[in-house]
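For reference, the structure is listed below as structure tokens.
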Amino acid sequence: MRSLRGALLVTLLGAVTAATAVGAVAAYRIARREIDAIFDYHLRQLALSLRDRALGFPGPNVETGSDLVIQIWGPDGARLYVSSPGAELPDEAVIGFATVSTPSGAWRVYSAALGDQVIQVGQPLSVRGALAFAAAVRTLAPLFLLLLLLPFLVWTLVGRGLAPLDRLARAVATRTPLALDPLPEQGVPEEVRPLVRSLNGLMERLSAALESQRAFVADAAHELRTPLAALKLQAQLAERARDAGERTSALAELEVGLDRAGHLVKQLLTLAREERGAGEKPGEEAVALGELAAQTIADHARLAEAKGVDLGATAVDERAVVRGDPVALRTLLANLVDNAVRYTPSGGRVDVAVGVGPAESYLEVSDSGPGIPARERERVFDRFYRRPGTREEGSGLGLAIVKAIAERHGARVALGTAATGGLTVKVEFPLTTPTGTAALKIPLRESS
Amino acid sequence: MRLLLVEDDRMLGASVQRGLRLEGHAVDWVEDGEAAADALRAEPYDLLLLDLGLPRRGGLEVLRELRRGGERTPVLVLTARDAVADRVAGLDAGADDYLVKPFDLDELNARVRALLRRSSGRAEPVLEVAGLRLDPAAHEVTLDGVPVTLSSREFALLEALLERPGRPMSRTRLEERLYGWGEQVESNAVEVHVHSLRKKLGSRFIQTLRGVGYVVPRAP
């Protein structure tokens, strides 16, 4: 993993070092130029003073042991004088300044004419380079010292700058999974605040999800208590039956109770699965609503017959195809048909219709039951909501499941009044364009 | 004893009713708060079994209204809500006891007996008068240590009379204790049961007070 501190250290040190290097080169260049100017001036002054002395003026004493070399040439090109024997200046004589190269390195030479003689004063350039280098080093020495201190400084200061992040990390790390209250925003640097805000946003969403899960579990436990209480009493009554007939009827009731508890648990699991899947894509399988309706009607034929309810399809539009999770859609329609058959009195009818509207494909289940008054139509989607005075022993979860599945498919569930006065439930799926004649698959497995 | 059961779950209601009837109680059963309030106004009950999550009118509301009217009928709350706050709310609203679902039939019966015993002003669970002992929990009657076999109606009738020896009870009051709604009551049912009890226990324990009813004398 990349350390922000390490990266900052390396880049800052690199930048400062590069800047120092450029500064050093510049300092050397400047020093060198100044030294050149000064020495050139000296060379010239010396040469001119030598000439003046030769003409009778008093001139400077030329110190031996200096790095300057003086040479005087005769008119015939013979060397008349050389200040330090062994050191030889090239015999070219260009009047004025010249830089010449010799086997012992480059020289700076000033030549002045004195009658038919030539006076030359020279100095090896290496001397100037060394001086310029020394001057540059002297100028930059404090900077080099600073360069040694810099890693430590950068490390500490960057560390201090990142401390709010550290504190934030600790605040998050030491939390228990259930402590989802927001992190404090005050005292947080501007750069870190977006992070804190998004963390707080995430925690808010997590907290809401957790709360809904908690409520679900509490509701579920609460709703299971009553059927369990009934089961327990039914079992004890069967145990205490005084004769075979009483026992048989008690056991039959126990079995009905078990069926009911089993149904409730199954509905709970379905709802938990659907609610957990909220926000996920429901799958891309093409599902023909017509076939779905036919299969669901077949599945509920026996229940309808037993209740004396006429269950069938009215209009079926084969073009109605939606994309989604076939098992979930089956559960959706099964719950609607099951509810309709349950709440429709004997002799009534339940109609299933499938159609295509201007912007939607729809499933519609209408019954001739008592219907649901408009003011209660929102509440019936709440889990475990049972309408007062309801005679049927439902789980109270059917419509909650329908809603969860519909929402996952981007569909809308609308309750209305049927032509027969009963309830109409219409599930509208936004129109999708079916891709060609892909195989339309409906699982034939029992799912509700 | 005549009990009113208020429970909106039909399966559980039927089971509780049947279980309490096996104990010899007369049990009327209603399924919502309004019906419970009506029944409480109409009939004298020895005990109220009340679910809290009721349609139309909540159990707590029924309970508060009952207590506001000065009614001291013992109330046993049957509920799925088991949080401490719920129990406190139930007891503070005037409940005498609290039973969380799912419960055991034996525990239900025991709590019903305890409440009935307390409301009749007794602390000891066994009723006893001059060698005649009636144990409501064990459903046993002994006369001078010898067990006597009674039908559940006979048992309930004897229990009602033994609860407060010396205090007469009218025939109507006894009928109400023995039979719930919809149960067939023969016009002379109480006489028949008293007759049968006298045959089994001897005539000294139950006296007929003409025009008043029946009494178990304090010292027969």
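For residue A:217, state whether it is more than 9 Å from every other protein chain (Cβ to nearest Cβ), under 22 Å from residue A:398 (Cβ atoms), of a type in the set (Val, Ile, Thr) and without any contact (Cβ under 8 Å) to a residue 40 or more places away in the chain.
Values: more than 9 Å from every other protein chain (Cβ to nearest Cβ): yes; under 22 Å from residue A:398 (Cβ atoms): yes; of a type in the set (Val, Ile, Thr): yes; without any contact (Cβ under 8 Å) to a residue 40 or more places away in the chain: yes.
So residue A:217 passes the test.
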Review point. Out of B:191, B:128, B:175, which single residue is part of a helix (DSSP H, G or I), surrounded by fewer than 16 Cβ atoms within 10 Å (Cβ to Cβ) and out of contact with any strand residue (DSSP E or B) (no Cβ under 6 Å at 6 or more places or on another chain)?
Key: B:191
Practice item. Quick one: residue B:145 ticks every box in (1) at negative phi; (2) of a type outside the set (Ser, Thr, Tyr); (3) more than 16 Å from the chain's Cα centre (by Cα) except a single one, so which number is it? Key: (1)
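Give the residue, chosen from A:215, A:252, A:235, that is within 22 Å of residue B:23 (Cβ to Cβ) and of a type in the set (A, V, I, L, M).
Working: A:215 fails: within 22 Å of residue B:23 (Cβ to Cβ); A:252 fails: within 22 Å of residue B:23 (Cβ to Cβ).
None of the others qualify; the one that does is A:235.
Does residue A:274 fit the bill of being modelled with pLDDT under 90 and either of a type in the set (Phe, Trp, Tyr) or out of contact with any strand residue (DSSP E or B) (no Cβ under 7 Å at 6 or more places or on another chain) (or both)? Write out each step before concluding.
Details: modelled with pLDDT under 90: yes; either of a type in the set (Phe, Trp, Tyr) or out of contact with any strand residue (DSSP E or B) (no Cβ under 7 Å at 6 or more places or on another chain) (or both): yes.
Spelling it out, residue A:274 is indeed modelled with pLDDT under 90 and either of a type in the set (Phe, Trp, Tyr) or out of contact with any strand residue (DSSP E or B) (no Cβ under 7 Å at 6 or more places or on another chain) (or both).
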Practice item. Report, by residue number, each residue of segment B:194-220 that is under 21 Å from the mean Cα position of the chain (by Cα) and outside any loop (DSSP other than H, G, I, E, B). Key: B:194, B:197, B:213, B:214, B:215
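Keeping to segment A:118-172, report how many residues are outside any helix (DSSP H, G or I) and in contact with a strand residue (DSSP E or B) (Cβ under 7 Å, 6 or more places away or on another chain).
Our first condition is that a residue be outside any helix (DSSP H, G or I); within segment A:118-172, this holds for A:118-124, A:162.
Retained after the next criterion (residues that are in contact with a strand residue (DSSP E or B) (Cβ under 7 Å, 6 or more places away or on another chain)): A:118-124.
Number satisfying all stated conditions: 7.
How many of the residues in segment A:173-211 are assigned to a loop (DSSP other than H, G, I, E, B) and not hydrophobic (A, V, I, L, M, F, W, C)? Steps first, please.
Kept after step one, since they are assigned to a loop (DSSP other than H, G, I, E, B), are these residues of segment A:173-211: A:174-192.
Checking which are not hydrophobic (A, V, I, L, M, F, W, C) leaves us with A:174-177, A:181-182, A:184-187, A:189-191.
Qualifying residue count for the region: 13.
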Practice item. Considering each residue of segment A:278-293, count those that are surrounded by fewer than 17 Cβ atoms within 10 Å (Cβ to Cβ) and at negative phi, and give that number. Key: 4
Check your understanding: Conditions: (1) buried (at least 21 other Cβ atoms within 10 Å of the Cβ); (2) of a type in the set (A, V, I, L, M, F, W, C); (3) within 17 Å of the chain's Cα centre (by Cα). Residue B:137 meets all but one. Number of the miss?
Key -> (1)
Practice item. Would you be able to tell me the number of residues in segment A:392-402 that are surrounded by fewer than 22 Cβ atoms within 10 Å (Cβ to Cβ) and either free of Cβ contacts under 8 Å to residues at least 60 places away in the same chain or touching a strand residue (DSSP E or B) at 6+ places or on another chain (Cβ under 9 Å) (or both)? Key: 2
Revision key, fill the gap. Residue A:363: passes all of (1) surrounded by fewer than 23 Cβ atoms within 10 Å (Cβ to Cβ); (2) under 43 Å from the mean Cα position of the chain (by Cα); (3) part of a strand (DSSP E or B) but (1)
Exercise for review: Quick one: which residue in A:11, A:20 is of a type in the set (S, T, N, Q) and either in contact (Cβ under 8 Å) with a residue 12 or more places away in the chain or in contact with a His (Cβ under 8 Å, 6 or more places away or on another chain) (or both)?
Suggested key: A:20
Review point. If we scan segment A:226-241, do we find a residue that is surrounded by fewer than 21 Cβ atoms within 10 Å (Cβ to Cβ), facing chain B (nearest Cβ under 10 Å) and of a type in the set (Asp, Glu)?
Key: yes
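Could you list, in sequence order, the residues of segment B:106-125 that are in a helix (DSSP H, G or I) and more than 14 Å from the chain's Cα centre (by Cα)? Walk me through how you get there before you give the answer.
Initially, segment B:106-125 is screened for residues in a helix (DSSP H, G or I), giving B:106-119.
Those that are in a helix (DSSP H, G or I) and more than 14 Å from the chain's Cα centre (by Cα): B:106, B:107.
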Point to revise | Residue check for residue B:54: buried (at least 20 other Cβ atoms within 10 Å of the Cβ), part of a loop (DSSP other than H, G, I, E, B) and within 14 Å of chain A (Cβ to nearest Cβ) | key: yes
Check your understanding: Pick from A:246, A:255: which is more than 39 Å from the chain's Cα centre (by Cα), farther than 28 Å from residue A:335 by Cα and in a helix (DSSP H, G or I)?
Key -> A:246
Check your understanding: When you go through (1) surrounded by fewer than 20 Cβ atoms within 10 Å (Cβ to Cβ); (2) of a type outside the set (Gly, Ala, Ser); (3) within 14 Å of chain A (Cβ to nearest Cβ) one by one for residue B:108, which number turns out not to apply?
Key -> (1)
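Counting only residues that are in a loop (DSSP other than H, G, I, E, B) and touching a Leu at 6+ places or on another chain (Cβ under 6 Å), which one in segment B:2-45 is nearest to the other protein chains (Cβ to nearest Cβ)? Show your work before the answer.
First, pick out the residues of segment B:2-45 that are in a loop (DSSP other than H, G, I, E, B): B:7-9, B:23-25, B:31-32, B:43-45.
Imposing the further condition that a residue be touching a Leu at 6+ places or on another chain (Cβ under 6 Å) reduces the set to B:8, B:25, B:32, B:45.
On the way: B:8: 9, B:25: 15, B:32: 7, B:45: 21 Å.
The selected residue is B:32.
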Review point. Going by the conditions given, is residue A:296 of a type in the set (S, T, N, Q), under 21 Å from residue A:337 (Cα atoms), at pLDDT 90 or above and buried (at least 21 other Cβ atoms within 10 Å of the Cβ)?
Key: yes
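The values are calculated or read from the model by the stated rules, or taken from the named source; none is laboratory data. Note that the structure is predicted; figures quoted are calculated from it, not measured. Quick reminder, even Gly has a Cβ in these numbers, built from the backbone with ideal geometry, and neighbours come from all protein chains shown.
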